[in-house]
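The values are calculated or read from the model by the stated rules, or taken from the named source; none is laboratory data. Quantities reported herein were computed from a predicted structural model and do not represent experimental measurements. Cβ placement follows ideal geometry from the backbone for every residue including glycine, while neighbour counts extend to all protein chains displayed. Heads up: the accessible areas ignore ligands, DNA and RNA and are worked out on the full protein's heavy atoms, side chains in. Shrake-Rupley method; radii C 1.70, N 1.55, O 1.52, S 1.80 Å.
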Amino acid sequence: HTPVGTPRGVLVLCTSTADAQTTTVTYGGVNVNPLSGSPVLVSGELGSVDVSFLGSGLPTGARTVSVTFFTNSAQKRCAAETFTAGGNTEIIDSDGTIDSTAQANPSVTLSLGGRTSAASITLYSGQDDVSGITPLSSWTSRLENDFGTDTAGWYTYNTVASSDVTAGWTQTTNDAGAVAVAVSEVVTT
């Protein structure tokens, strides 16, 4: 992963076609810890979403992102997203409550508490091709993956904002799982 500027935070967002939870995630050899509420193990088609975060002590420059999984029997894909800021970063809100065997257009609200934050979501969907999933308005698809009988998406909110953000995607009724996060610079007092 090659960050823009000096990285002050990193999210490693993984999706798989089974219960393929991460056991170790590192960024440039530094441990990246799983978020509370992660992984989301999706019922029905056994997909999973696993997100880890590190908000301080990141090495600079191009770095290797390494992910080890509990099982190797599933298809998996991960993405890394780094953040620049004046200082260390922290998770303002995280929501992993999307886990359903029959949901159309799933979404959650990230509470930013008036703090200027960046927002991301990674998702698993039972849709059988990527044309069946679309980010909500004001979100950009950074990556979509077609696993054959299901799909995954990695989306970022277009605006660094301080108002609450609705995170989600459009799909027909199907299996769904996701973790949405908001990241902000640590406020020092």
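What fraction, in whole percent, of alpha-carbon pairs in the chain exceed 20 Å separation?
Tail of the P(r) past 20 Å holds 50 percent of the pairs.
Quick one: which of 155-164, 48-57, 177-186 comes out on top by average Cβ neighbours within 10 Å, and what's the full order, highest first? Intermediate results must be reported in sequence, preceding the final value.
Values: 155-164: 15.9, 48-57: 22.7, 177-186: 24.7.
Highest to lowest by the protection proxy: 177-186, 48-57, 155-164.
Over all projection directions, the Cα-based convex hull of region 21-98 averages an area of 6.0 nm². Other residues whose C-beta falls under 15 angstrom from the C-beta of Val65 contribute a net charge of +2, scoring Lys and Arg +1 and Asp and Glu -1.
Between the alpha-carbon centres of region 24-48 and region 95-164 there is a gap of 16 Å.
Across region 1-76, Cα pairs under 8 Å and at least six residues apart give a relative contact order of 47 percent. Surface composition of the chain: carbon plus sulfur atoms contribute 45% of the solvent-accessible area (1.4 Å probe, protein chains only, all chains present).
Hey, can you find the accessible area per residue of the chain for me, probe 1.4 Å, expressed in square angstrom? Write down the numbers at each step before the final one.
Working: 8130 Å² over 189 residues.
Counting only protein heavy atoms, the per-residue value for the chain is 43 Å².
Most fluctuating residue of Ala102, Ala119, Ala176 in a GNM of the chain with Cα springs under 10 Å: which is it? Per the Cα network of the chain with a 10 Å cutoff, Ala102 tops the list.
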